[in-house]
Amino acid sequence: MGERKVLNKYIPPDFDPSKIPRSKNARGAKNGQIKVRMMLPMTICCNTCGEFITKGTKFNARKEDVAGEDYLGIRIFRFYFRCTRCSAELAMKTDPKNSDYVVEAGASRNYEMWKDTTEDDEAKAKALDEAGNEMRALENRTEESKHEMRSLNARHAGISNADALRAMASAAKTEDELYVDLECLFTLSVRFVFDALAYTIRISFSERSPTDQACFSRDAERLNATRRRRAQFSTSNARFS
């Protein structure tokens with residue numbers, strides 16, 4: 001057993017790899033078929049015993065290339081597997097044209113309603129839905145226009161990495177400025193409210209001391225400056241949006 005676990009193998013001096021016979025088929029293939037583990041892509045009914053084999057059932061199948069058949073250069077494969085009840089051989093092959101599978105022998109595929117729905121049926125259903133409903137027709141036309149505009153914008157968009165970085169930096173800076181403005185406005189508002197409550201206790205403005213009058217005027221000027229900055233910030237955002 002030890003000789004199978006070494007990393008280096010002895011190669012004699014007269015070894016010639018070209019003299020090793022090679023098989024025409026893949027390793028383990030028999031008659032051009034290889035064994036694969038697959039999952040049933042649809043629900044079928046066995047024609048021999050009537051057993052229903054549901055979608056997702058796993059099988060050990062034999063796969064081979066369908067000779068003389070392809071679709072736009074895409075190879076078509078055939079799979080052989082057996083029924084889970086009577087062990088009858090069933091066969092199916094790939095259908096690249098419709099992105100589906102076709103049951104060839106031994107079983108029949110269950111009816112699937114979505115396969116009978118075509119583009120004409122969808123168009124008729126859409127027209128029937130819009131008949132007598134102007135709002136639904138308007139909504140559908142609006143969605144189609146939005147989809148076309150998004151497609152055109154994505155097709156003609158030429159945004160470089162530098163432009164994206166600058167936009168991200170400006171957005172972050174704008175958020176920071178907005179946060180500072182809101183924090184300053186909140187602080188001044190709270191201070192102004194407390195000052196107003198304190199001032200209402202006194203009889204009139206004339207009884208206040210010169211120091212109180214100066215503080216009140218200074219707070220009022222700060223609040224007005226903050227309001228002006230908020231108005232400028234809102235105007236600039238509305239301009240760029």
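Please go through the stretch 40-57 and give me each residue that is charged (D, E, K, R) and in contact with a Leu (Cβ under 8 Å, 6 or more places away or on another chain), ordered by number.
Lys55
Of all residues in the stretch 71-91, count the ones that are in contact (Cβ under 8 Å) with a residue 12 or more places away in the chain, out of contact with any Leu (no Cβ under 9 Å at 6 or more places or on another chain) and either at negative phi or surrounded by 11 or more Cβ atoms within 10 Å (Cβ to Cβ) (or both).
Within the stretch 71-91, residues that are in contact (Cβ under 8 Å) with a residue 12 or more places away in the chain, out of contact with any Leu (no Cβ under 9 Å at 6 or more places or on another chain) and either at negative phi or surrounded by 11 or more Cβ atoms within 10 Å (Cβ to Cβ) (or both) number 12.
Consider only pairs whose beta carbons are under 9 Å apart and that are at least six residues apart or on different chains; among these, list those whose first residue lies in the stretch 132-152 and is surrounded by 10 or more Cβ atoms within 10 Å (Cβ to Cβ) and whose second residue is of a type in the set (A, V, I, L, M, F, W, C) and modelled with pLDDT under 80.
Pairs found: Ala137/Ala131.
The values are calculated or read from the model by the stated rules, or taken from the named source; none is laboratory data. Since we're looking at a predicted model, the values are computed, not measured. Please note: Cβ atoms are built from the backbone with ideal geometry, for glycine as well, and neighbour counts cover all protein chains shown.
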